[in-house]
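**Q** One structure coming up, written as structure tokens, with questions to follow.
The values are calculated or read from the model by the stated rules, or taken from the named source; none is laboratory data. Because the structure is a prediction, the values reported are computed rather than measured. Every residue, glycine as well, gets a Cβ built from its backbone with ideal geometry; the counts of neighbours run over all protein chains shown.
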């Protein structure tokens, strides 16, 4: 008879766990000596309901060079953790705050790591499951970027 007192949660009462979302992005990183423009792709991995771990790889080139050096190709890998202020999408636009590390690679230079802090504003999810996002932050310069994130249409 003891089993009758054991609590059971019905499936209808559970909130579905979020799933990883793909991402395409375009970014500009502006500092005193150059402006870098990059395009990239990555994934946003849920770490519970309130957090996401983003891993993004990007490739680009210098848009402007102030120090007289030649323009060159460059690449970066970002690993950022974001805290979502509205993880269940109760409002159409969701704000999140994040931090992490970015590693930039350029020809004839050693890999350079940067600490990164960002504010992310994610828009409403379209019928196809795509959400636009705008991100601003600091890390190797002022970072300004836009992204398209893919997720399940019913994801909250």
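**Q** Of the conditions (1) modelled with pLDDT under 90; (2) at positive phi, residue 70 fails just one. Which one is it?
**A** (2)
**Q** When you look at residue 143, is it at pLDDT 95 or above, within 14 Å of the chain's Cα centre (by Cα) and closer than 14 Å to residue 55 by Cα, yes or no? Step through it out loud before you land on a result.
**A** Values: at pLDDT 95 or above: yes; within 14 Å of the chain's Cα centre (by Cα): yes; closer than 14 Å to residue 55 by Cα: no.
No.
**Q** Please go through (1) within 17 Å of residue 39 (Cβ to Cβ); (2) at pLDDT 95 or above; (3) surrounded by fewer than 19 Cβ atoms within 10 Å (Cβ to Cβ) for residue 138 and return the number of the only condition it doesn't satisfy.
**A** (1)
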